[in-house]
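Read-outs throughout are calculated quantities, based only on the coordinates presented, and are distinct from any laboratory measurement. Bear in mind the structure is a predicted one, so any value in this text is a computation, not a measurement. We place every Cβ from the backbone using ideal geometry, glycine too, and count neighbours over all the protein chains shown.
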Ligand code: HEM
Ligand SMILES: *[C@@H]1O[C@H](CO)[C@@H](O)[C@H](O)[C@H]1NC(C)=O
């Protein structure tokens with residue numbers, strides 16, 4: 001058998017294709033098991049901490065998922081979200097878009113466990129990525145193979161947050177264009193919003209769909225239920241009145257979110273509008289019908305999000321404390 005027949009050459013090329021693709025897609029220095037030499041137990045330690053925290057406070061797993069979105073969407077996956085307001089730094093956590101974010105203090109719990117084993121070795125940005133990955137598993141979502149090697153920023157980008165994280169009432173098209181700008185397509189964006197299968201929404205983000213008149217895209221019985229949860233049109237934002245996104249399986253990352261949308265039980269306008277925009281509605285229907293398909297698309301899009309523009313090598317640092325730039 002010789003390799004000079006055209007179909008054989010073609011076959012050889014196909015064999016090499018995955019290698020070539022792998023080579024060209026490495027636009028960064030992220031790699032699988034980046035800490036294999038420097039801190040062989042790093043990924044195991046993150047996972048143990050995520051499990052331990054989940055067992056004490058189940059909603060930490062939910063927070064790790066939202067953290068990934070809010071960190072990676074703003075400039076890059078660089079833990080800029082975790083910096084506190086101090087010494088000229090204005091924290092992204094202070095943006096209106098960060099409303100309701102919780103459990104930041106437990107990021108330090110994970111970081112402390114890593115510092116004990118290998119000081120100044122594992123970045124906070126990789127903690128954001130890996131904790132989201134392991135949190136997703138605790139929530140019954142897909143297993144995602146994630147590369148590591150991200151570095152931490154020396155800045156927080158508060159003014160960028162409103163430019164990159166959509167608002168709860170933005171149009172589907174504007175949401176799609178924001179995700180497209182970081183390389184996530186329509187199908188991936190619809191899958192990522194499936195994160196709203198878990199967690200809560202405060203009344204302040206809801207009441208505009210209930211008062212003075214009920215949004216006609218909201219199921220009337222569900223609207224009555226939500227009015228009981230959120231009895232006033234102008235709730236005190238600090239009053240922790242909220243509703244769960246998915247009443248049936250609030251702690252499971254499943255396609256019930258899409259089934260709820262089809263029943264007009266989406267909580268945020270950005271959620272419900274996915275069913276009325278013709279570019280997204282076919283994906284909503286497909287994800288509602290097939291949890292495996294939702295999980296596959298979710299995993300694919302989370303990876304893209306987690307690799308948005310990472311800082312590598314000398315572009316950033318390894319923070320000692322995720323809340324502060326080193327030396328502050
Ligand atoms: C169009 C894009 C998005 C908008 C406008 C949006 C907006 C919001 C809002 C307003 C809340 C409720 C906050 C509150 O009232 O407490 C929320 C919660 C949440 N979001 Fe999003 N989100 C978007 C996309 C995403 C993505 C892509 C993810 C993750 C992959 C995500 C993960 C979460 C999680 C997990 C919660 C629940 C947080 C908790 O219960 O602590 N969101 N989001
Ligand atoms: C969207 O909601 C914000 C409050 O979160 C409000 O200020 C703004 O006017 C709303 N935009 C639209 C188009 O309704």
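Suppose a student asked you for the relative contact order of the chain, using Cα pairs under 8 Å spaced at least 6 residues apart; what percent would you report? All intermediate terms of the calculation are to be shown ahead of the outcome.
On the way: 515 pairs, mean separation 81.8, N = 328.
Dividing the mean separation by the residue count of the chain yields 25 percent.
How much length would be gained if the chain were fully extended between residue 224 and residue 173, taking 0.36 nm per residue of separation minus their Cα-Cα distance, in nm to one decimal? Show your work: numbers first, answer last.
Working: separation 51, 0.36 × 51 = 18.36 nm, distance 2.93 nm.
Using 0.36 nm per residue and subtracting the Cα-Cα distance, I get 15.4 nm.
Over its Cα atoms, what ratio of radius of gyration to 2.2 N^0.38 Å does the chain give?
On the way: Rg = 21.2 Å, N = 328, 2.2 N^0.38 = 19.9 Å.
Ratio of Cα Rg to 2.2 N^0.38 Å: 1.07.
What does the convex hull of the Cα atoms of region 172-302 come to per residue, in Å³, rounded to a whole number?
Details: hull volume 14.3 nm³, N = 131.
Normalising the Cα hull of region 172-302 by residue number yields 109 Å³.
Please compute the volume of the convex hull spanned by the alpha-carbon atoms of region 241-285 and report it per residue in Å³. Write out the running numbers ahead of the final one.
Details: hull volume 3.3 nm³, N = 45.
Hull volume normalised by residue count: 73 Å³.
May I ask you to sort 251, 287, 138 by Cβ crowding, counting other Cβ atoms within 10 Å and putting the fewest first?
Working: 251 18, 287 25, 138 21.
In order of increasing Cβ crowding within 10 Å: 251, 138, 287.
Roughly speaking, what is the stretch gain from residue 31 to residue 252, that is 0.36 nm per residue apart minus the C-alpha to C-alpha distance, in nm to one decimal?
Values: separation 221, 0.36 × 221 = 79.56 nm, distance 2.92 nm.
Using 0.36 nm per residue and subtracting the Cα-Cα distance, I get 76.6 nm.
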